[in-house]
Structures are given as C-alpha cells and as structure tokens.
Amino acid sequence: MKILVTGAAGFIGYHIARALLERGHEVVDIDNINSYYDVKLKYARLHETGILEKEIKPYQYIQSSLFRFCRFMKLDLTDKEHLNSLFERENFTHVVHLAAQAGVRYSLENPYAYIDSNIVGFVNLLEACRRYKVEHLVFASSSSVYGANAKTPYKESDRTDSPVSLYAATKKADELMAFTYSKIYGIPATGIRFFTVYGPWGRPDMAPSLFMSAILAGKPIKVFNYGNMERDFTYIDDIVEGLLKIIPSPPKNEIPYAIYNMGCSSPVKLMDFIATIENVTGKKAIKELMEIQPGDVISTYADTSLLEKDFGYKPSTPIEIGIRKFYEWFTQFYDNV
C-alpha cells in the first residue's frame, strides 16, 4: 500500500503513520502544523518519525531519517492546487484522513476555522480521491455526532441529526459528503467515530492532559457539570490496532461506504477517571466544580458490535493501564521540554 496520512503531526495521525511505517508500507505524511495547541508537541511527534523541524518548509518533501519509506510535506488541505499536485505525483492507493480542526468548545469561538478545515478541506480531499481513484479512504468522524442522544450505548444506526456543537455538525457533514461520493463515484470510504482517545503524545487541550498537568502541579482542575459526566475513554494503541484492520479492507457493499464506532464500550465516570489519575500519580486533585459547558454532552458510550462483527475486534485496554502508560510518557516528555 502507498498511503497518504493527513494530520500526521497530530495525536492519532502520528501513531497510525508510525505503525504503518513499522509494517513496511510507503507513507506520505502531510500536516499544516497549525497553532491550535503548542506546535512544540507537533514537531516532537514528527521528530519521532525522523522529520526534523529545521528542515520543514511549505510544499517541500522531507525524507525521514528513520524510515526509508516515509516522507513529509507541510500542506494545508484548503490548498486545492497543491493537494491535487500531490495526488497526481504520488498515485496513492489508500488515504487515512485524520486532519481536522478539533475541539468542541473552540468551535464556539472560531467557527470559520472548522468550516475551512473540516468542510472545505474535506471536499478538496474527496475531489482528489475521485480524480485519482484511491482504493480506500478512511476518515475520522467523532462520537460528538450523536449529540445529546439519551439512548445508550450509541449504535451507528442511531439518529445523528441533532448536533450540540459546530464541531459535531462539521463531522456529520463529512460523513454525508463521503457517503455521497461513495454513492455517485464509487469511492470506497470508511468513517470512524472515535470516542475520547487518550494516551502517550495526546493532545494538551483534552481532559487527560489537562487533569494530569494540573494534578502534578498542585493546581485546581475544572470539573464540569459538577462531575456528573462519563466518557468512553479509548486508549491510543487500541485505536491503531483497529485502524490497521480497517485500512486494507474497503467496504464491499453496493454503495462502498461504512461507519464504525471505535470506543471501549465501557464508560468511565469523570470522578472515577480523576481518582485513577490520583492513584497513578500519588497526588490528590483540587477540584473546581463548574456548570456544564455549551457543546458538552453528559455521557458517551460506544456500541462496538458492528466493529466486532466485521473485523473481530474490540478496543479493550483498561483505564488503569492506559492512564499509567500515559503518566509514564507525560512525565518523561514534559520533564525534557
């Protein structure tokens, strides 16, 4: 396989790109390296795949110093001309699309960033996949598309037409656009609804990093909805294993399109999650209880039976093990930056 990975300097993008390279696939990584969160972490992830910050320039290939079949290009998906040129040169067989403007609450502050990246950028990618006939497009959706759905666990067949954030709305729009391109042009496409992914190299704007950082520093943590929330936390290694099964396996339906939940099917109460961090770090959290924030949902809970049926796979890392591995990475990385 010759694979394009978008968002390769991001959390999931870095992990899947590295896993594909370690299995001998040819991978071209792209990322616009935006400043939504500290770019030092993004450059550090790239460094782990042999891409050095000082060598990165827009629209220029960087050859990895660690992997023979890895190249990187700084490229924004909204740049249609350069994106099409990349597809024309490379003849990708597979595309793993993980680039996006992330963050539920930030979508309330900067809506245009989400339209540009998650809508315009995705249409550009779909058009490139149509023109250059890729064998399989795998793209990131989100559990946020379920909105405030009170029925749990969430099944892929549940209604997803009541988003509670613009971020969720853009992810649902991506699913609809991908379905349309599959139906009209026959592009094999699979969307993955990720459920609260965490682990080493995780995003600093997400609860695991925010909580870990504050607890270790003896600072208060903001606990929304007074702690009455739960999340289906999914460890990054489980995500990678699932993606490695899906990428080489395009849908065989009449319309070659599929959607899968990827979560642990084991929601963790927010207070229990905090208690796990306390147990792992040996430090007590200073909790600042707050009202629920706009765009938040009280609970997420994935039904992964479809993923199990089609691929014989279910994410399974217990929260205690995942948090300990995350803590070990967190303390090592942030002690050295």
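Assess whether LEU108 counts as being surrounded by fewer than 16 Cβ atoms within 10 Å (Cβ to Cβ), within 30 Å of ILE292 (Cβ to Cβ) and either in contact (Cβ under 8 Å) with a residue 24 or more places away in the chain or among the basic types (Lys, Arg) (or both).
In short, yes.
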Completion exercise
If we keep only residues of the stretch 289-312 that are of a type in the set (Val, Ile, Thr) and out of contact with any strand residue (DSSP E or B) (no Cβ under 8 Å at 6 or more places or on another chain), then the residue surrounded by the most Cβ atoms within 10 Å (Cβ to Cβ) is VAL297
Practice task
Would you please list the contacts, defined by Cβ atoms under 7 Å and residues six or more apart or on different chains, that run from a residue in the stretch 262-284 that is of a type in the set (Gly, Ala, Ser) to a residue that is part of a helix (DSSP H, G or I) and crowded, with 20+ Cβ neighbours inside 10 Å?
Solution key: GLY263/SER143
Fill in the blank from the handout: Those residues of the stretch 234-286 that are of a type in the set (A, V, I, L, M, F, W, C), at pLDDT 95 or above and part of a loop (DSSP other than H, G, I, E, B) come to a total of 2
Handout entry: Tally, over the stretch 32-47, of residues that are of a type in the set (D, E, K, R) and either surrounded by 15 or more Cβ atoms within 10 Å (Cβ to Cβ) or free of Cβ contacts under 8 Å to residues at least 40 places away in the same chain (or both)
Key = 2
Practice task
Out of VAL95, VAL104, report the one residue that is of a type in the set (Val, Ile, Thr), assigned to a strand (DSSP E or B) and under 19 Å from the mean Cα position of the chain (by Cα).
Solution key: VAL95
Handout entry: Filter result for the condition that a residue is surrounded by 21 or more Cβ atoms within 10 Å (Cβ to Cβ) and over 24 Å from LYS245 (Cα atoms), over LEU66, LEU21, LEU83, LEU98
Key = LEU83
Fill in the blank from the handout: Residue pairs qualifying under the 9 Å Cβ cut-off, at least six apart or on distinct chains, with the first in the stretch 230-247 being closer than 21 Å to ASP272 by Cβ and the second being part of a helix (DSSP H, G or I) and acidic (Asp, Glu), are GLU230/ASP272
Practice task
Quick one: TYR36 ticks every box in (1) assigned to a helix (DSSP H, G or I); (2) modelled with pLDDT under 95 except a single one, so which number is it?
Solution key: (1)
Practice task
Just give me the residues in the stretch 114-127 being touching a residue at least 40 places away in the same chain (Cβ under 8 Å) and farther than 15 Å from SER141 by Cβ, in sequence order.
Solution key: ILE115, VAL120, VAL123, ASN124, GLU127
Practice task
Of the conditions (1) surrounded by fewer than 18 Cβ atoms within 10 Å (Cβ to Cβ); (2) closer than 30 Å to ASP38 by Cα; (3) of a type in the set (A, V, I, L, M, F, W, C); (4) over 22 Å from the mean Cα position of the chain (by Cα), VAL223 clears all except one; give me its number.
Solution key: (1)
Problem - Unique residue being on the phi < 0 side of the Ramachandran plot, crowded, with 19+ Cβ neighbours inside 10 Å, in contact with a Cys (Cβ under 6 Å, 6 or more places away or on another chain) and of a type outside the set (Asp, Glu) when the list is PRO267, PRO250, PRO315 - result: PRO315
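Inspect the stretch 297-318 for any residue being part of a helix (DSSP H, G or I), touching a Leu at 6+ places or on another chain (Cβ under 7 Å) and touching a residue at least 12 places away in the same chain (Cβ under 8 Å) and give the result as yes or no.
no
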Completion exercise
Checked against (1) part of a helix (DSSP H, G or I); (2) free of Cβ contacts under 8 Å to residues at least 12 places away in the same chain; (3) more than 16 Å from TYR257 (Cα to Cα), MET212 satisfies every condition except (2)
Handout entry: Residue that is assigned to a helix (DSSP H, G or I) and in contact with a helix residue (DSSP H, G or I) (Cβ under 7 Å, 6 or more places away or on another chain), where the choices are PHE72, PHE122
Key = PHE122
Practice task
Name, by its number, the condition in (1) in contact with a His (Cβ under 9 Å, 6 or more places away or on another chain); (2) at pLDDT below 95 that does not hold for THR93.
Solution key: (2)
Exercise for the section: Identify, from the list SER117, SER162, the residue that is part of a loop (DSSP other than H, G, I, E, B), closer than 28 Å to ILE292 by Cα and of a type in the set (Ser, Thr, Tyr). Expected result: SER162
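The values are calculated or read from the model by the stated rules, or taken from the named source; none is laboratory data. Computed from a prediction, not measured in an experiment: that's the story for all the values here. When we count neighbours, we look across all protein chains shown, and the Cβ atoms used for this are built from the backbone with ideal geometry, even at glycine.
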